[in-house]
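This report refers to the structure that appears directly beneath it.
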Amino acid sequence: MNAENGSADTRAQVTALARELGFDLCRFAKAETPEHAAEFRDWLDRGDAGEMNYLARNSERRCDPRQILPDVKTVIVLALNYFQGRESVAAGVSPAKGATGKIAAEPPSPSFGAASTAATTATGRTARYAWGDDYHGLIEKKLAVIDQFLRECGGSQKCYVDTGPMLERDHAASAGIGWHGKSTMLLNREFGTWFFLAEILTTLEFAPDTAQKNYCGRCMRCIDACPTGAITAPHQVDARRCISYLTIELKGSIPTELRPLMGDRIYGCDDCLDACPWNRFAKVSRETAFAMRPEIAVMKLRDYLSLDDDKFRLLFRKSPIKRTKRRGLLRNVCVALGNVGTADDLPALEKATADSEPIIAEHAQWAIEQIRGRAVA
């Protein structure tokens, strides 16, 4: 089957099936070398990926789809809107954050494609994409249905949800899903920045879609909004300064000079996404699984410090936040308390200085010093 011998019907069936499964967009691109492969290699060489060593290990595969699936002809790119509306802000939840990388470099998850409205200072802010259930499992089940259909059509496939060695935003841009914003995130005129990406590499050849025009113009709002200056130039992100990287990917101690810039963010950062004017057109997702969990929305920052491993796993079961493990999240919570906490938080922090995880104890002590410093200032 190829683009010339009648795959148009099959292509239409794939698109219809994707819509039926809940995807908001389904587009097709030729399985070619990603447009920004050279820039991706340069980004790695500069060390801007920080500790995300997995990007370098698979760098050549990311730059050549044929190394993933030798006879690949087409990359089917799908997008799923996760925007849950703005009413959450009124309910005590405020914008969140999440996205690292540079053009063609994939974030911890967002690409990424990346999230917004986090919790207030009392609860800490969490990236919008991480409010509800983990998108990986949910989307993988949908991809499996399309994969089965394509198998019946004679195709062989590889399916990925932000976990495979692909420069997914390049393929998504080639397929017409959106365009590269200056934050490195993919933008869409209908959904703004609030959507997940998934890809199906297939040996079937389909007619490709047309890439979209870049509609960013002279706007620099995403760059101006970054709390840590991680967006060093249009389409250039130093992940080592990105709050999403610091709160999710970084496993060790957060640099002390960056801690005050993190504010009350405990998982990811959406400031560059929240600032994008295209989000005024964002539509509420049909998928309710991504809604903020009520039990998390009301938690105060210091309450997290009482979680042991079992309680952490129970609270964040099927949540993207489980990725940080208890030590990572509580480290982030300590930093947030150091920035916005009060004397009422000191007992919980003092107890945390004796935590069995040294990284929690270290950041708890830093937080205590910050709160006490504000009291005497």
Pair list, Cβ under 6 Å, 6 or more apart: region 233-248 residue under 9 Å from Ala49 (Cα atoms), other residue open to solvent by 40 Å² or more (accessible area, probe 1.4 Å) and in a helix (DSSP H, G or I): none
Quick check, is Leu187 buried (at least 23 other Cβ atoms within 10 Å of the Cβ) and either under 23 Å from the mean Cα position of the chain (by Cα) or at pLDDT 95 or above (or both)? yes
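For Ala225, indicate whether it is surrounded by fewer than 22 Cβ atoms within 10 Å (Cβ to Cβ) and among the hydrophobic types (A, V, I, L, M, F, W, C).
On the way: surrounded by fewer than 22 Cβ atoms within 10 Å (Cβ to Cβ): yes; among the hydrophobic types (A, V, I, L, M, F, W, C): yes.
Criteria met by Ala225.
When only residues in region 190-222 that are of a type in the set (Gly, Ala, Ser) and open to solvent by 30 Å² or more (accessible area, probe 1.4 Å) count, which is nearest to the chain's Cα centre (by Cα)?
Keep residues of region 190-222 that are of a type in the set (Gly, Ala, Ser), which gives 192, 198, 207, 211, 217.
Next, from what is left, pick out any that are open to solvent by 30 Å² or more (accessible area, probe 1.4 Å): 207, 211, 217.
Values: Ala207: 29, Ala211: 22, Gly217: 24 Å.
That would be Ala211.
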Residue among Lys182, Lys158 that alone is touching a Cys at 6+ places or on another chain (Cβ under 6 Å), modelled with pLDDT of 95 or more and either crowded, with 19+ Cβ neighbours inside 10 Å or not polar (S, T, N, Q) (or both): Lys182
How many residues are in a helix (DSSP H, G or I), open to solvent by 30 Å² or more (accessible area, probe 1.4 Å) and either over 30 Å from Cys153 (Cβ atoms) or not acidic (Asp, Glu) (or both) if we restrict to region 18-37? 1
Are any residues in region 316-328 within 13 Å of Ala130 (Cα to Cα) and either touching a strand residue (DSSP E or B) at 6+ places or on another chain (Cβ under 8 Å) or not in a loop (DSSP other than H, G, I, E, B) (or both), and if so, which ones? Pro320, Ile321, Lys322, Arg323, Thr324
Using beta carbons and a limit of 9 Å, which pairs, at least six apart or on different chains, have the first residue in region 36-57 and at positive phi and the second one assigned to a loop (DSSP other than H, G, I, E, B) and among the aliphatic types (A, V, I, L, M)? Gly50/Leu250
Under the condition of being in contact with a Phe, Trp or Tyr (Cβ under 9 Å, 6 or more places away or on another chain) and open to solvent by 50 Å² or more (accessible area, probe 1.4 Å), which residue from region 38-77 is nearest to Tyr160 (Cα to Cα)? Lys73
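Which one is least open to solvent (accessible area, probe 1.4 Å) among residues in region 263-315 that are assigned to a helix (DSSP H, G or I) and touching a Lys or Arg at 6+ places or on another chain (Cβ under 6 Å)?
Keep residues of region 263-315 that are assigned to a helix (DSSP H, G or I), which gives 271-274, 277-281, 288-290, 294-297, 301-304, 309-315.
If we keep only those that are touching a Lys or Arg at 6+ places or on another chain (Cβ under 6 Å) as well, we get 271, 309, 312.
On the way: Asp271: 27, Asp309: 82, Phe312: 8 Å².
Of everything passing the filter in region 263-315, Phe312 is least open to solvent (accessible area, probe 1.4 Å).
The values are calculated or read from the model by the stated rules, or taken from the named source; none is laboratory data. Values in this document were obtained by computation on a predicted structure and should not be read as measured data. FYI the Cβ positions are ideal-geometry reconstructions off the backbone, even for glycines, and counts take in every protein chain you see. In case anyone asks, the SASA skips ligands and DNA or RNA and just uses the protein heavy atoms, side chains included. Shrake-Rupley method; radii C 1.70, N 1.55, O 1.52, S 1.80 Å.
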